[in-house]
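This is the structure, below, for whatever I ask next.
The values are calculated or read from the model by the stated rules, or taken from the named source; none is laboratory data. Just so it is clear, the structure is predicted and the values come from calculations on it, not from any experiment. Quick reminder, even Gly has a Cβ in these numbers, built from the backbone with ideal geometry, and neighbours come from all protein chains shown.
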Amino acid sequence: MTDSSVAQTEVLLLMGPPGAGKGTQALKLAQARGLHKLSTGDMLRDHVKRGTDLGRQAKSIMDAGELVPDELIIAMVRAELEKQTPVRVLLDGFPRTAAQAEALDRLLSELQVSITAVVLLEVQEDELVKRLLSRAEREGRSDDNETTIRNRMQVYQRQTKPLIDYYQRSGQLRHVNGLGPVDEVLVRIAEVLP
Ligand code: B4P
């Protein structure tokens, strides 16, 4: 790999609890930095809509607020990352488990790229629930009801939060306050990125 291609690569990870604004910020951030946005939630919803095998397997899991099995998610992300030369991606909502984070490390090492930064959007739980219930009214997403939202929060605490320590230890984590107008949050994210 030449020096110039190394300079062109970029891998940003966007993490945070359900409702923190990952999808919202991912759209704007990817556009601002010329990155390809990979949102595992959007990809799964697209599979559900198209009625693929993966979509059929994922639908009831997502509706219950649980996580879709690691091997399905990892294969889906791998297929997308392998298409990219150079790799310039914003990963929204992935990884969400230790196994996904380890698989991502292996995949990036195969592709000879490294993580640029991991952005953690922080918002307190009462605001998260308020946002998701308000989206439920607007969009009617099947996993935005109070029971499922509560379970998604617990799943986040149990399976995804441990990754914060993982990325903290590697020195890649950037904490960002996710409260306030969307464009202000975007500015805060830009400020912590190289
Ligand atoms: P996701 O699609 O990632 O859903 P999410 O966590 O709720 O985040 P989302 O990005 O949609 O919402 P956002 O915070 O932007 O995942 C859905 C499901 O897919 C998971 O439960 C799981 O089953 C499955 N899945 C996805 N990835 C997986 C993986 N890697 N492994 C296994 N399973 C996986 O926005 C929420 C609301 O807040 C919006 O209405 C928005 O308008 C609003 N909002 C955003 N920013 C705001 C701000 N600054 N102020 C006020 N409101 C704001």
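For region 183-194, name all the residues that are under 15 Å from L14 (Cα atoms) and within 12 Å of the ligand (Cβ to nearest atom).
V185, L186, V187, R188, I189
Quickly run through region 9-30 and pick out the residues that are aliphatic (A, V, I, L, M), in contact with a Ser or Thr (Cβ under 7 Å, 6 or more places away or on another chain) and not in a strand (DSSP E or B).
Answer for region 9-30, where residues must be aliphatic (A, V, I, L, M), in contact with a Ser or Thr (Cβ under 7 Å, 6 or more places away or on another chain) and not in a strand (DSSP E or B): just A26.
Also, I was wondering about something else. From I74, I115, grab the single residue that is surrounded by fewer than 20 Cβ atoms within 10 Å (Cβ to Cβ), β-branched (V, I, T) and modelled with pLDDT of 95 or more.
So the residue among I74, I115 that is surrounded by fewer than 20 Cβ atoms within 10 Å (Cβ to Cβ), β-branched (V, I, T) and modelled with pLDDT of 95 or more is I115.
Right, here's the next one. I'm told E82 meets every condition in (1) away from the ligand (no atom under 12 Å from the Cβ); (2) modelled with pLDDT of 95 or more except one. Can you identify the failing condition by its number?
Only one criterion is unmet by E82, namely (2).
Of all residues in region 128-145, which are under 30 Å from V192 (Cα atoms), more than 8 Å from the ligand (Cβ to nearest atom) and not aliphatic (A, V, I, L, M)?
Within region 128-145, K130 is the sole residue that qualifies.
Next question, about the same structure. For S109, only one of the following conditions fails: (1) without any contact (Cβ under 8 Å) to a residue 24 or more places away in the chain; (2) near the ligand (Cβ under 9 Å from one of its atoms); (3) among the small types (G, A, S). What is its number?
(2)
List every residue pair whose Cβ atoms lie under 9 Å apart, where the two residues are 6 or more positions apart in sequence or sit on different chains, the first residue falls within region 78-94 and is without any contact (Cβ under 8 Å) to a residue 12 or more places away in the chain, and the second residue, located anywhere, is assigned to a helix (DSSP H, G or I) and of a type outside the set (G, A, S).
Qualifying pairs under 9 Å: none.
Further question on the same structure: Considering only residues that are within 11 Å of the ligand (Cβ to nearest atom) and assigned to a loop (DSSP other than H, G, I, E, B), which ones fall in region 48-79?
Hits for region 48-79 are A64, G65, E66, L67, V68, P69.
A further question follows. Which helices (runs of 4 or more DSSP H) does region 90-176 wholly contain that include 3 or more residues that are within 23 Å of L29 (Cα to Cα) and within 18 Å of the chain's Cα centre (by Cα)?
Values: elements: 98-110, 125-139, 146-155, 162-169.
Of the helices (runs of 4 or more DSSP H) lying wholly inside region 90-176, those with at least 3 residues that are within 23 Å of L29 (Cα to Cα) and within 18 Å of the chain's Cα centre (by Cα) span 98-110, 125-139, 162-169.
Would you please name the residue that is surrounded by the most Cβ atoms within 10 Å (Cβ to Cβ), looking only at residues in region 146-177 that are aliphatic (A, V, I, L, M) and more than 30 Å from S60 (Cα to Cα)? If you could, list the steps in order and put the result at the bottom.
Here is the first cut: in region 146-177, the ones aliphatic (A, V, I, L, M) are 149, 153, 155, 163-164, 173, 176.
Going one step further and asking which of them are more than 30 Å from S60 (Cα to Cα), we end up with 173, 176.
On the way: L173: 19, V176: 24.
Once the filter is applied, the top-ranked residue is V176.
Return yes when K37 is outside any helix (DSSP H, G or I), more than 9 Å from the ligand (Cβ to nearest atom) and at pLDDT 95 or above and no when it is not. Full working, then the answer.
Numbers: outside any helix (DSSP H, G or I): yes; more than 9 Å from the ligand (Cβ to nearest atom): yes; at pLDDT 95 or above: yes.
Spelling it out, K37 is indeed outside any helix (DSSP H, G or I), more than 9 Å from the ligand (Cβ to nearest atom) and at pLDDT 95 or above.
Loosely packed, with under 14 Cβ neighbours inside 10 Å and over 19 Å from G65 (Cβ atoms), is that true of G180? Working first, answer last.
Working: loosely packed, with under 14 Cβ neighbours inside 10 Å: yes; over 19 Å from G65 (Cβ atoms): yes.
So G180 fits the description; yes.
Within the bounds of region 59-70, is there any residue that is at positive phi and either buried (at least 16 other Cβ atoms within 10 Å of the Cβ) or within 15 Å of the chain's Cα centre (by Cα) (or both)? Spell out how you get there, then give the answer.
Quick first cut of region 59-70, residues at positive phi only: 65.
Now drop any that are not either buried (at least 16 other Cβ atoms within 10 Å of the Cβ) or within 15 Å of the chain's Cα centre (by Cα) (or both), which leaves 65.
Within region 59-70 (the criterion being at positive phi and either buried (at least 16 other Cβ atoms within 10 Å of the Cβ) or within 15 Å of the chain's Cα centre (by Cα) (or both)), the answer is yes, since at least one residue qualifies.
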